[in-house]
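Reading through the structure tokens given below for one structure.
The values are calculated or read from the model by the stated rules, or taken from the named source; none is laboratory data. Quick caveat: nothing in here was measured; it's all calculated off a predicted structure. Glycine gets a Cβ as well: all are built from the backbone with ideal geometry, and neighbour counts include every protein chain shown.
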Amino acid sequence: MTHFPPLADKPKDNEFCQIMHEFSVKRCIYGHTHNSTASTSFVGEYQGIHFFNTTIDYLQCQPLLLWEE
């Protein structure tokens with residue numbers, strides 16, 4: 001879980017992604033996007049990591065299922 005989005009709308013490798021791979025991260029959950037940046041942060045799978053934007057602006061006050069067991 002991270003506070004700020006680690007990727008923009010067009011994902012590309014960065015130091016943060018390299019660290020997540022080093023520690024075998026499978027899901028990255030983040031928030032802190034507001035109005036205009038909520039729609040430009042990356043949501044989906046990139047290089048085996050699933051990225052979730054959980055900010056209320058993006059979700060429009062709807063709950064988000066992150067994964068099922």
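Things to note:
- Picking from residues in region 46-58 that are on the phi < 0 side of the Ramachandran plot and in a loop (DSSP other than H, G, I, E, B), the one that is modelled with the lowest pLDDT is T55.
- Subset of region 10-43 [at pLDDT 90 or above and not in a loop (DSSP other than H, G, I, E, B)]: Q18, I19, M20, H21, E22, R27, C28, I29
- The one condition in (1) at negative phi; (2) among the hydrophobic types (A, V, I, L, M, F, W, C); (3) surrounded by fewer than 16 Cβ atoms within 10 Å (Cβ to Cβ); (4) more than 9 Å from the chain's Cα centre (by Cα) that C61 fails to fulfil: (1)
- Inter-residue pairs, beta-carbon under 9 Å, first touching a residue at least 24 places away in the same chain (Cβ under 8 Å) and farther than 8 Å from T54 by Cα and in region 22-34, second acidic (D, E) and part of a helix (DSSP H, G or I), 6+ apart: T33/D57
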